[in-house]
Each structure stands twice: as C-alpha cells, then as structure tokens.
1. Ranked highest first by average number of other Cβ atoms within 10 Å, how do 116-127, 35-46 line up?
2. Between GLU155 and LEU278, take the C-beta separation as r, use R0 = 25 Å, and let me know the FRET efficiency to the nearest 0.05.
3. Which whole-number percent gives the relative contact order of the chain, counting Cα pairs below 8 Å spaced six or more residues apart?
4. Can you classify region 185-249 as rounded, prolate or oblate using the Cα gyration tensor, where a ≥ b ≥ c are the square roots of its eigenvalues, rounded means a/c under 1.5, and otherwise it's prolate if a/b beats b/c and oblate if not?
5. Which of the listed residues, GLY242, THR79, THR288, is farthest toward the dipole's positive end in the chain, when Lys, Arg count +1 and Asp, Glu count -1 at the beta-carbon?
6. Could you order peptides 4-12, 273-281 by the average number of other Cβ atoms within 10 Å of their residues, highest first?
7. At 0.36 nm per residue, minus the direct Cα-Cα distance, what do TYR44 and ARG104 gain on full extension? Give it in nm, one decimal, please.
8. Just tell me which lysines come within less than 16 Å, Cα to Cα, of LYS336; anything on the same chain fewer than 8 places away is out.
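Here, each number is a calculation from the coordinates, and none is a lab measurement. In this text, all values refer to a predicted model and were calculated from it rather than measured experimentally. FYI the Cβ positions are ideal-geometry reconstructions off the backbone, even for glycines, and counts take in every protein chain you see.
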Amino acid sequence: MKYDTKILHGAIDRDPWTGALSIPVYPASTYHQKNVDERQAYVYSRSENPTRRALEETLAALEGGRRGYAFASGVAAITAALTAVLESGDHVVVTRDLYGGTYRLFTEYLSRFGITHTFADTSDPDEVERAVNPRTRALFLESPSNPILKIIDFEAIVALARARGLVTMLDNTFLSPYFFRPLELGVDMSIHSATKFLGGHSDLVAGAVIAATREMGRKVLSVQMTTGAVLSPENSWLLMRGIKTLRARMTIQAQGAMKIAGWLAAQPWVERVYYPGLAAHPGHDIITRQASGYGAVVSFVADSVSRAYAIMKGVRIWTVAVSLGGVESILSYPAKMSHSGIPLAERQALGITDSLLRLSVGLEDADDLMEDLEQAARM
Ligand SMILES: *Cc1c(COP(=O)(O)O)cnc(C)c1O
C-alpha cells in the first residue's frame, strides 16, 4: 500500500461491528467482563477505548511505528515520552530553539525531579557530541526547530546516539508524518502536538507518541495508563476525521508556504526569511534528502519592530494567534506569544527578536495571503 492510501486504509478503516466508514465514538468508561479470569481487549477507558485504539493504530501506521498513543495534548505526549525513559539523575540534550512549553517542561518541571538538560544547536552534530556527558540518557529534538526552522541531519544524529546508547525523541509536529517519518531513519520515538497539522482545523487539543519498537511502546503505554492524560473518545474521533485529509492539506499548504517564502525574500520590508524549502536555507540539502516536503511554517524578520506591529495590526485574512497547522492561515509573534517564557537575552541569542513573525500557511489562495501581508506592511 502506498503512503497516500495508507493514510485512509492503513489501520482500522471501518467499524468492525456495523461496517460504518466513520469509527463511532465509544463514550463508555467501563465494559462488561464476561469472565473475570480472562483478559479482554477493553476493561476501562483510561487504559483502552475502541475509538482511541482506532486512532492510535492509525498514528502508528502513519509514522511506520509499532505502537501509537494518543494524549490529551502535545505537552502531555512529550511528558509521557520523556518520563517513559528518564529517571532521576538522567541528563538530556535538548534542541535549543524549541517550543516554549517544552522549554518550560525542562527548565521548571523535570528539573524538580532531578532530570537535568543541556540545550544545544542540534543542527550541529559536533555541538550535540560536546553536550553529551556520562549521565546523558536521551536526545530530545525538534526539526524544523521553532521558530527559526533549523534542520537536523538525522543520519548523523542517530549514528551519534547509537554509538552512545542514547534514546532519540523527535517532536515531529512541524513536518507531520506526511512529510517526515523519523522512525524510518532510526529515531526511537516520534511525538506530535496533534493540535496542529494532524488535526488540521484548529478545533481540538491533542498529542501523540509513536514508538519504533514494541518495548519502547510498552513504556509509553505504562505512563499513559499510570498518569492518565488520555485523549477523549470524542476528540479521538475528531482527530481521525482530520487525519483523513492530511495529504490534501499538507500538499496545498506547503505549496502556499513555498510561494510566500520566495515572495517574502524579495520584499524590501523583509530582512530575512527562514524556510527550509528555500535553496539559501542552510539545512535545505539535508531536509531535501531526508524528508519529502518542507512544511507550511515560514518565519521572517521584518525590517523594524514597528513594521512587525503594523503587519499584525493591519492583516485582514491572516488570524493573529498562537498555534499553527490549521486550514486558516495564522500569523504569530513568538517574542510575545509562544516564546515569551524564555528570558530576553536567551531569546535574542536564538534570533527570536522583536521583529520576528511566524506564519502558518493555510488553504487560502496564496496570492490573497501575500496581498494581505503587503497592504499591512505598507500601512
Ligand atoms: C503546539 C506545540 C506543542 C504543544 O502542543 P499542545 O497540543 O499545545 O500541548 C509542542 N511542540 C510543538 C512544536 C508545538 O507547536
């Protein structure tokens, strides 16, 4: 089965009970046990639920993993993946410019349980190597990174991790499994904020962890069951519905992003564009080799802070908001939104300046989106 067919038919594609093309929502919390001495598939919905199960098998198929698990949010998924493998005293090397919530998780939460970390520019394997110490147990990666869109060379990073016996985890939210399947390159766990491209309609909050092996999957399952941040049957259904159009959305949204990124690079009010699809991007050759697309997120630096504010104030089609990955285009301001929790000096060093804007390109006509940015920038 080719990948585009697998999105629709790679797992449970019909209700086994009725043949319905849409897997029903099973709101049941508990299930009749015919014989208490026999194991049965469904006992209690924190542990297993038929709607969530159908979604989880779809997620595993999409990523080419052995097991998939659905969580109540992306950060719940990240927390489960990390706590599935880490213990007090362990150290993690973490991508430096990463999602603000993950930054908080490492700096304010996991640190309380004796888990330490070092931030590194993970697009540079030598810097990762230098950040590894005898207590290092895992690499937590983001690529393209957020919001500067740096690209990791997974062949180099996986080789390094294997040589050192490190577990590799990637937050694959930005490319989605449609464009990038890290488990095929030897990464141990792929993680998503399914709130973004997998859901695709800005109408739910969800997370996913897909494990390469059964053994790793069991560890994630144990955390899911023990800490209980499971996705509801209703949202599992909604997420499956969103995933059905993943191919159509990702293809068109990435085309729009490519067009807009190229156009932005030629505008006098734009100082710099970050988009890995552009040949000038330092990670362009690597992502072209390792992924099948460049995604629909574009960041750019306006020529002044007042220009950045003018754009945010003046846009009519773009929605100024946090989040990304929906069918409607979103314009966000990392310095005051997703990355406001990162101390100023650190933020500036990362390139998250007060003139940086991040775009999530939706399904609108790209010409309309460009015209809208242009009229706002010129006000
Ligand atoms: C949004 C996001 C998250 C957090 O996901 P939630 O669903 O909001 O909990 C994690 N990583 C990345 C890259 C994100 O964009």
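1. Averaged packing, sorted descending, gives the order 116-127, 35-46.
2. Values: r = 22 Å, r/R0 = 0.88.
My answer for the efficiency is 0.70.
3. Dividing the mean separation by the residue count of the chain yields 17 percent.
4. Verdict is oblate for region 185-249.
5. Of the options given, the answer is THR79.
6. Listed from highest to lowest mean packing, they are 273-281, 4-12.
7. Values: separation 60, 0.36 × 60 = 21.60 nm, distance 3.23 nm.
Additional length available on full extension: 18.4 nm.
8. Partners within reach: LYS313.
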